[in-house]
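What follows is calculated from the coordinates using simple rules that are stated; it is not laboratory data. Values in this document were obtained by computation on a predicted structure and should not be read as measured data. Cβ: placed from backbone, ideal geometry, glycine included. Neighbour counts: every protein chain shown.
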Amino acid sequence: MSRRILRTLGLAVLAGLTFAAAHATEPGRTPKPSIAIEKPGQCVEATDVMRRDHMKLLKHQRDKTMHEGIRTKPHSLNECIACHASQKTGSVLGPDGFCQSCHAYAAVKPDCWDCHQPKPGQKAATGVRP
């Protein structure tokens, strides 16, 4: 390749990186999740613990319930739904729903709703999974 082509290519890459860096810090570019705590108060764990480990807590609770028959409230999915369901829709799903907004932001699809209802006080959607 000639020096002129390499120089032009280098300038194009530099311009692209500069443009990307300038717009990456632009506020509001990626919408943050809508986190509305419908029943404010003390959660069962600290906020940073819940953000980082809520799935581990739910899986541990699921295993205790399903395999050992131990049903406790602190980390149960029903208790989470009871506190975090929207007062307007009654659900943790939907565009501004507590669960869906964060999971959409993180590009994660939870499978909770295959068996569970996203509204407090309702029975499981499909019962026990095959």
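Checked against (1) in a loop (DSSP other than H, G, I, E, B); (2) of a type in the set (Val, Ile, Thr); (3) free of Cβ contacts under 8 Å to residues at least 40 places away in the same chain, Ile37 meets all criteria but (3).
Specify the residue that is nearest to the chain's Cα centre (by Cα); the eligible residues are those in the range 45-74 that are surrounded by 13 or more Cβ atoms within 10 Å (Cβ to Cβ) and of a type in the set (Lys, Arg). In this case the residue turns out to be Arg62. When Leu77 is tested against the conditions (1) buried (at least 16 other Cβ atoms within 10 Å of the Cβ); (2) within 20 Å of Pro31 (Cβ to Cβ), the lone failure is (2).
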